[in-house]
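> There's a structure below that I have some questions on.
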Amino acid sequence: MAFTIIASCVNCWACLPLCPNQAIQAAQPHFGIKAERCTECAGDFAAAQCASICPIEGAIIDGLGKALNPPGSLTGVPPERWALTQAEVAAR
Amino acid sequence: MDLPVNESFPRAAAGCGAGSCGATAGQIDGLTDAIRARIEDHPCYSEDAHHYFARMHVAVAPACNIQCHYCNRKYDCANESRPGVVSELLTPDQAVRKTLAVAARIPQMSVLGIAGPGDPLANPERTFETFRQLAQKAPDIKLCVSTNGLMLPRHVEELCRYHIDHVTITINCVDPDVGARIHPWIFWQNRRVYGRQAAAILVEQQQLGLEMLSARGILVKVNSVLIPGVNDAHLPEVSRIVKAKGAFLHNVMPLIARPEHGTFYGLMGQRSPRPAELQALQDACAGDMKMMRHCRQCRADAVGLLGEDRGAEFTLDRIEAMDVDYEAAMVVRQEVRTEIAARLAAKRARGPSPAVSRANPQVVHFQPRVTKAAATAGRPVLMAVAARGGVVAVHFGHAREFLIYEASAAGARLIGHRRVESYCAGDESCGDADSALTRTIEALVDCEVLLCARIGYEPWGRLEAAGIQPNGEHAMEAVEEAVMAVWQQMLAAGKLTVPRSGARRA
Ligand code: SF4
Ligand code: SF4
């Protein structure tokens, strides 16, 4: 039972002070979760604190590799729309 | 609207949370004399003073607790000049060292702000540690903070403790239905809250925070982002309410939305406001006060006089190498301030510029004044000026912003400023110089004249074709004098009794 922060994290610090178990570390190149400390907030909060404030879709994943905030869930931007724009900008 | 002086600025500490009982007659739609005195020489709010004083922001607050559709937390681009975008995150200790170093090198330094890159009050330990140290080590420096307001009510007491000079709250709406189209979620009481419910909490906290600050006599400025089709029709209502609750200024800023920024609005094709739309709303909301029309939406880590960014001189490694005598620096600052105050007083004694009437200094005009057209006058003309330090001093191609003046028989009136891109480093997000020029012309299309120090051959032709007359004849002259000289010339040439010619309308 532990979550993981992956490379898309932007090191914004929002999650770190919220963790009830001090599991989150301000590591480089991106923040990380000490697996042995993370309880997925069970017993402390109804919702995992890190995943409840993280602004980046996909930055935090569960034990099965599933994003806690899947694409489109926070920004409201359909993922295809973003991919299209990135392709357009690259083509310039 | 003219209002009498109200001496009794409320300083009630508590007991009166609701705005219904906090506002006195003097606060509604106007400023108390006490507030007017505090902003008259304020480096951020006084048009006179901002040429002489310097301010800086330190980036100590990375975390945010709400999402706005005009923001993308992934981006931190060096070519970017949207507010809230910074490159170097500092610890409180580093921020304090930087502030003291800058204040020693630039003795005009008088305001330190914390605005981001996230929300300062979502990072209370870092923000208040910075304020605490500075209040102790450099008590002569004014402290200010910008916030989305969500956590404001619970931090008002602490803000008072450090004598915070002014607080800026970004309030885009007072109606949760409008808010739900701007803010998709907030983090509140240990969970993420979405949609209308989130917007309702945000609106409530913002309004409560505003009331609490007003009741404690802290200056509050409200910023709103103008989003066409979302809150444009709603902003006059926002303005009315925040002023009634004691905000001394309501500043309307344009949405900046482009697909390559990766924001919701940018990607979903939400357009930015046209300059004329922005102007109309600024006139409706900010009124005729000369203050803040010079607001530059400065970068959150900008150092220097407003609009002049000296941040590169003060990177962390350079600060480490600096040897600073804090006590001596404070003495020098005091001398510089005394000198500036004397200069401002002398300037006022020489008489007002024709644009501003200070005939009755006890009265502040908050609503737009109806200026009666002088019988013989030519029509008013909008002019864009590439200025630095109150002088026509900038090359057109280097200008990152233009001051917009309205010249008329009544004088030169600063009505705003427009940010543009100068030639930028050329990565794909910036576009090439040609499209930058096109966008600059778009931004200035309602101006008839452009004053700059110098201008290249090609942009000259493009501006002329768009009906904007470039003018480099007043290089290094004082802005208002140059503007009026051009207007007088146009009047003498008979151009001002006929409508503008050759204009390509926005
Ligand atoms: S899920 Fe909870 S315990 Fe685990 S890292 Fe996130 S905040 Fe900490
Ligand atoms: S909140 Fe998300 S993006 Fe920010 S530091 Fe934590 S994991 Fe990284």
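> Would you point out which residue out of A:68, A:64, A:16 is away from ligand 1 (no atom under 13 Å from the Cβ) and of a type in the set (A, V, I, L, M)? Don't jump to the end; show me each part of the working.
Numbers: A:68 fails: away from ligand 1 (no atom under 13 Å from the Cβ); A:16 fails: away from ligand 1 (no atom under 13 Å from the Cβ).
Every option except A:64 fails the conditions.
> When segment B:239-270 is examined, which residues are found to be of a type in the set (Val, Ile, Thr) and within 16 Å of the chain's Cα centre (by Cα)? Talk me through it step by step, then tell me what you get.
At the first step, the residues of segment B:239-270 found to be of a type in the set (Val, Ile, Thr) are B:241-242, B:252, B:256, B:263.
Matches in segment B:239-270: B:252, B:256.
> Follow-up question, since we're still on this one. Scan segment A:1-41 for residues that are more than 11 Å from the chain's Cα centre (by Cα), assigned to a loop (DSSP other than H, G, I, E, B), within 12 Å of another protein chain (Cβ to nearest Cβ) and over 21 Å from residue A:66 (Cβ atoms) and report the count.
Counting residues in segment A:1-41 that are more than 11 Å from the chain's Cα centre (by Cα), assigned to a loop (DSSP other than H, G, I, E, B), within 12 Å of another protein chain (Cβ to nearest Cβ) and over 21 Å from residue A:66 (Cβ atoms) gives 3.
> While we're on this one: Tell me which of these residue B:495 doesn't satisfy, since it passes every other one: (1) outside any helix (DSSP H, G or I); (2) closer than 27 Å to residue B:257 by Cα.
(2)
> Another question, then. Among the residues of segment A:81-92, write down those that are among the aliphatic types (A, V, I, L, M), more than 7 Å from chain B (Cβ to nearest Cβ) and within 20 Å of residue B:69 (Cβ to Cβ).
Hits for segment A:81-92 are A:83, A:84.
> Going by the structure shown, is residue A:2 surrounded by 14 or more Cβ atoms within 10 Å (Cβ to Cβ), in contact (Cβ under 8 Å) with a residue 24 or more places away in the chain and farther than 22 Å from residue B:121 by Cα?
Working: surrounded by 14 or more Cβ atoms within 10 Å (Cβ to Cβ): yes; in contact (Cβ under 8 Å) with a residue 24 or more places away in the chain: yes; farther than 22 Å from residue B:121 by Cα: yes.
The answer is yes for residue A:2.
> Tally up the residues in segment A:59-75 that are buried (at least 19 other Cβ atoms within 10 Å of the Cβ), more than 8 Å from every other protein chain (Cβ to nearest Cβ) and part of a loop (DSSP other than H, G, I, E, B), please.
Start the filter on segment A:59-75 by keeping residues that are buried (at least 19 other Cβ atoms within 10 Å of the Cβ), which leaves A:59-60, A:68-69, A:74-75.
Add one more test, that the residue is more than 8 Å from every other protein chain (Cβ to nearest Cβ), and what stays is A:59-60, A:68-69.
With the extra rule that they be part of a loop (DSSP other than H, G, I, E, B), the set shrinks to A:59, A:68-69.
The total comes to 3.
> Regarding segment A:45-56, can at least one residue be identified that is out of contact with any strand residue (DSSP E or B) (no Cβ under 9 Å at 6 or more places or on another chain), assigned to a loop (DSSP other than H, G, I, E, B), more than 10 Å from ligand 2 (Cβ to nearest atom) and modelled with pLDDT of 95 or more?
Checked segment A:45-56: no residue is out of contact with any strand residue (DSSP E or B) (no Cβ under 9 Å at 6 or more places or on another chain), assigned to a loop (DSSP other than H, G, I, E, B), more than 10 Å from ligand 2 (Cβ to nearest atom) and modelled with pLDDT of 95 or more.
> Same structure again: Hey, could you check segment A:42-53 for residues that are more than 9 Å from chain B (Cβ to nearest Cβ) and crowded, with 20+ Cβ neighbours inside 10 Å and say which is farthest from residue A:75 (Cα to Cα)?
Residue satisfying both the conditions and the ranking: A:48.
> Name the residues in segment A:32-54 that are hydrophobic (A, V, I, L, M, F, W, C) and within 10 Å of ligand 1 (Cβ to nearest atom), would you?
Kept after step one, since they are hydrophobic (A, V, I, L, M, F, W, C), are these residues of segment A:32-54: A:33, A:35, A:38, A:41-42, A:45-48, A:50-51, A:53-54.
If the condition is that a residue be hydrophobic (A, V, I, L, M, F, W, C) and within 10 Å of ligand 1 (Cβ to nearest atom), then A:33, A:35, A:38, A:41, A:42, A:45, A:47, A:48, A:50, A:51, A:53, A:54 are the ones that fit.
> While we're looking at this one, here's another question. Counting only residues that are more than 16 Å from residue B:157 (Cβ to Cβ), within 14 Å of another protein chain (Cβ to nearest Cβ) and touching a helix residue (DSSP H, G or I) at 6+ places or on another chain (Cβ under 8 Å), how many does segment B:120-146 have?
Within segment B:120-146, the subset more than 16 Å from residue B:157 (Cβ to Cβ) is B:122-123, B:126, B:129-130, B:133-134, B:136-142, B:144, B:146.
Imposing the further condition that a residue be within 14 Å of another protein chain (Cβ to nearest Cβ) reduces the set to B:122-123, B:126, B:129.
Add one more test, that the residue is touching a helix residue (DSSP H, G or I) at 6+ places or on another chain (Cβ under 8 Å), and what stays is B:126, B:129.
Summing the residues that are more than 16 Å from residue B:157 (Cβ to Cβ), within 14 Å of another protein chain (Cβ to nearest Cβ) and touching a helix residue (DSSP H, G or I) at 6+ places or on another chain (Cβ under 8 Å) in segment B:120-146 gives 2.
> Within 23 Å of residue B:120 (Cβ to Cβ), without any contact (Cβ under 8 Å) to a residue 60 or more places away in the chain and more than 16 Å from ligand 1 (Cβ to nearest atom), is that true of residue A:89?
Values: within 23 Å of residue B:120 (Cβ to Cβ): no; without any contact (Cβ under 8 Å) to a residue 60 or more places away in the chain: yes; more than 16 Å from ligand 1 (Cβ to nearest atom): yes.
When the stated conditions are applied, residue A:89 does not pass them.
> Do we have any residue at all in segment B:151-158 that's closer than 14 Å to residue B:122 by Cα and within 14 Å of chain A (Cβ to nearest Cβ)?
yes
> Of the residues that sit in segment B:62-86 and are away from chain A (no Cβ under 13 Å) and farther than 19 Å from residue B:122 by Cα, which one is modelled with the highest pLDDT?
We begin by selecting, within segment B:62-86, every residue away from chain A (no Cβ under 13 Å); these are B:78-83.
Of the ones still in play, those that are also farther than 19 Å from residue B:122 by Cα are B:78-82.
Numbers: B:78: 34, B:79: 35, B:80: 37, B:81: 38, B:82: 41.
Here the residue is B:82.
> Does residue A:78 satisfy the criteria of being farther than 16 Å from residue B:190 by Cβ, within 11 Å of the chain's Cα centre (by Cα) and either at the interface with another protein chain (Cβ under 9 Å from one of its Cβ atoms) or among the charged types (D, E, K, R) (or both)? Step through it out loud before you land on a result.
Values: farther than 16 Å from residue B:190 by Cβ: yes; within 11 Å of the chain's Cα centre (by Cα): no; either at the interface with another protein chain (Cβ under 9 Å from one of its Cβ atoms) or among the charged types (D, E, K, R) (or both): yes.
No: the conditions fail for residue A:78.
> For residue B:473, are the conditions met, namely being without any contact (Cβ under 8 Å) to a residue 60 or more places away in the chain and part of a loop (DSSP other than H, G, I, E, B)?
On the way: without any contact (Cβ under 8 Å) to a residue 60 or more places away in the chain: yes; part of a loop (DSSP other than H, G, I, E, B): yes.
It is true that residue B:473 is without any contact (Cβ under 8 Å) to a residue 60 or more places away in the chain and part of a loop (DSSP other than H, G, I, E, B).
> Right, here's the next one. If you scan segment B:175-216, which residues turn out to be acidic (Asp, Glu) and assigned to a loop (DSSP other than H, G, I, E, B)?
We begin by selecting, within segment B:175-216, every residue acidic (Asp, Glu); these are B:175, B:177, B:204, B:211.
Residue satisfying the conditions is B:175 alone.
> From B:182, B:227, B:186, grab the single residue that is under 23 Å from the mean Cα position of the chain (by Cα), at pLDDT 85 or above and within 14 Å of chain A (Cβ to nearest Cβ).
Selected residue: B:182, the only one of B:182, B:227, B:186 that is under 23 Å from the mean Cα position of the chain (by Cα), at pLDDT 85 or above and within 14 Å of chain A (Cβ to nearest Cβ).
> A follow-up question, please. In segment B:428-440, is there at least one residue being more than 30 Å from residue B:45 (Cα to Cα), modelled with pLDDT of 85 or more and not in a loop (DSSP other than H, G, I, E, B)?
For segment B:428-440, residues more than 30 Å from residue B:45 (Cα to Cα), modelled with pLDDT of 85 or more and not in a loop (DSSP other than H, G, I, E, B): present.
> Residue B:456: over 18 Å from residue B:400 (Cβ atoms), at pLDDT below 90 and more than 27 Å from the chain's Cα centre (by Cα), yes or no?
Numbers: over 18 Å from residue B:400 (Cβ atoms): no; at pLDDT below 90: yes; more than 27 Å from the chain's Cα centre (by Cα): yes.
So residue B:456 does not fit the description; no.
The values are calculated or read from the model by the stated rules, or taken from the named source; none is laboratory data. All values reported here derive from a predicted model rather than from experimental measurement. Cβ sites come from the backbone with ideal geometry, for glycine too, and all protein chains shown count toward neighbours.
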